[in-house]
Structure formats: structure tokens, C-alpha cells
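Student: This structure is in C-alpha cells; I'll ask about it shortly.
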Amino acid sequence: MLWQRVISATVGVPLLVLAAWYGHWYLLVLTAVIMGRSLWEMDRMLKPGVKFGLILAAAGCLILLGDAYLYHGGNLGPMMVLIVVAQLIYMTVMYPYYSPVDGAATLLGTLYVGLLVYIYLLRTLEGGWTWISFMLAGTWASDTAAYFTGRLLGRHRLSPALSPGKTVEGALGGLAGSTLAAGVYYRVDPFAPLHRLLILGFLVGLAAVFGDLVESAFKRQAGVKDASDLIPGHGGMLDRFDSMLFTAPLVYYFARVFNIF
């Protein structure tokens, strides 16, 4: 219900914004909590089809968080290799109790939820507050515009097999919302050329759409409507942060490639 979404956002949005503003341990701990709860929801959705290695996945996400905190993501490549190798060794030692299918599902869940580490990594960039606030504004503008546009104008289904409730009109509204948010952000803080920010805003909206659909695939496979009932009006942690799983890495690498600050 709409009133539940509003109340949840009234509590959750200031908490995330404050953690992003202060950064450091505040944002690191909040990111860890979000990742931990998201892994629990992945475990819930993937069972009983596979044996999801929750402890192994949590260890993998802690490795990524440790690298983010100590080296600002400078060793993500080696850390990814370590996570993959650890999964393969565990699968070999525990076979047949823990099959290659179980290992593949656990690895996918680890790397998928592990993308949340980019929320913290955005804050470690030069001009980190600007980048993370831009990402949050664009993502929330996209999600909000997509929700209301879909409810008011939605006629054509975007992906019936994955998410019957999502529409082409809603997706277009989301793209317009994130692009508009980028333009408004430029008026407040013109830290980069307008055309680049508008392009990034559009890409944020596109990434948000795909982030939403990817999580829908997990939910459809599990036969559930929401990842959990943690957040009234929104569902689970993954339901609330599914877009940021894609938008945070996008903004992070955009900032790195164009080296604006």
C-alpha cells in the first residue's frame, strides 16, 4: 500500500543519507547489514531447490567489504578469484552433499549481493558524497517515477514472464525520472558537464530497470511475490535495493572512467 511505502521511506531514506554523508564506519556497517539481510533472503528464495551456502556467501561478502574498507576496492580482482576458488574447493570437499549446482547458486548469490559493496565504494572516491548522492537521487527518482507512471498510465507489459506488474510506460517514466533528477542535480551542483550528467542519469534509469527485473527472476524462480516482508510496502531488503545493485557499480565506474574530480 502507498501509505506503507511512504512511512518506510520516511524512516529508511534519512538513515541511508546520513550514513552516506558521514561515510567511513557508518556507511560500512550499514552496507554490511544490508548485504547480510540480502544474503538471508537469497537463501530463502533459492531453497529448497539448492543448498545455498549461506555462511560461505557471507564470508565472500565480508572479503569484498574488507577490501573496500582497507584498499578502496583496489584488490577486487584478486578477491573475486579468492571467492571463486574457495567455492570450488568447498564443493570438491563436500561433494556429493554439496553439488556443482549448489556451488553455482551460492557463487551467483555471493557475487550478486556483493555488488552492494559499490554503495560504500562510491563514498571512497574523490568527491564521494557527490557521487553517492547523485546515485541515490537518480535511483530513487527512477523507482518513484516508474511506480507512479506505471500505476497511472501502464498498459503494455514490459516482461510478463518475469514481472507481470511492470509496464513499458512505467519503465519509460523511470528513465524520464532519473534523467530529470540528473538535470536538477546539475542546477544544485554543476560538478560535471550537463550532457554527461544527463547521459549518466538516463543510464541510471536503465540500470534500475534491469536491476529490478533481475531480482524479479529470482522471485519468479522461487515462486514468491517479495524477497521477504521486512519493509512494509516494499517487501524485503533486496526488493528495496535491487536497483542499486546495478546503479551503484554504474556510477562508480562512470566516475572512475571520466575522472571528473
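Student: Run the simple label-point estimate for TYR253 and SER99 please: 7 Å along Cα→C-beta, distance reported in nm.
Tutor: Result for the modelled spin labels: 3.3 nm.
Student: Using modelled backbone amide H atoms (1.01 Å from N, in-plane), which distant-in-sequence or interchain residues come within less than 5 Å of ASP242's amide H?
Tutor: none
Student: What are the ³J(HN,Hα) couplings of the range 179-188, residue after residue, when phi is run through the Karplus curve with 6.51, -1.76, 1.60 and θ = phi - 60°? Round to Hz, x for glycine and proline.
Tutor: Karplus-based 3J(HN,Hα) across the range 179-188 equals 5, 4, 4, 5, x, 5, 4, 4, 5, 7 Hz.
Student: Using Cα centres only, tell me the gap between the range 201-261 and the range 150-186 in whole Å.
Tutor: When both Cα centres are located, 14 Å separates them.
Student: Amide H of SER159 versus every other amide H placed in the peptide plane: which residues, excluding those fewer than 5 positions away on the same chain, fall under 5 Å?
Tutor: LYS166
Student: Considering every pair of different Cα atoms, what Kirkwood radius, in Å, is found for the range 45-87? Mind dumping the intermediate values first?
Tutor: On the way: mean 1/r = 0.0894 Å⁻¹.
Taking every pair of different Cα atoms in the range 45-87, averaging 1/r and inverting gives 11.2 Å.
Student: Any chance you could run the full-extension gain for TYR71 through ARG196? It's 0.36 nm times the residue separation minus the Cα-Cα distance, nm to one decimal. Display every interim value, and only then the final one.
Tutor: Details: separation 125, 0.36 × 125 = 45.00 nm, distance 2.82 nm.
Stretched fully, the TYR71-ARG196 segment lengthens by 42.2 nm.
Student: Using a 7 Å offset from the Cα along the Cα-to-Cβ direction at both ASP189 and LEU153, what is the distance between the two label points in nm, to one decimal?
Tutor: Once both label points are built, they end up 3.0 nm from each other.
Student: While we're on this one: Enumerate lysine pairs in the range 2-258 that are 8 or more residues apart or on different chains, then count those whose Cα atoms are under 16 Å apart. It would help to have the intermediate numbers written out before the result.
Tutor: Values: LYS47/LYS219; LYS47/LYS225; LYS166/LYS219; LYS166/LYS225.
Taking the range 2-258 as the scope, the lysine pair count is 4.
Student: Okay, next question. Looking at the P(r) of the range 177-261, how many percent of alpha-carbon pairs lie beyond 17 Å?
Tutor: 55
Student: Please order LEU121, LEU136, LEU62, LEU206 by the number of other Cβ within 10 Å, starting at the fewest.
Tutor: Values: LEU121 27, LEU136 21, LEU62 14, LEU206 18.
Arranged by neighbour count, lowest to highest, LEU121, LEU136, LEU62, LEU206 become LEU62, LEU206, LEU136, LEU121.
Student: Same structure again: What label, among (1) 24, 21, 20; (2) 30, 24, 16; (3) 51, 18, 17, belongs to semi-axes √(5λ) of the Cα gyration tensor in Å computed from the structure on display?
Tutor: Matching the structure shown: (2).
Read-outs throughout are calculated quantities, based only on the coordinates presented, and are distinct from any laboratory measurement. Predicted model, so just to flag it, every value in this text is computed and none were measured. In this analysis, Cβ positions are derived from the backbone assuming ideal geometry, glycine residues included, and neighbour counts consider all displayed protein chains.
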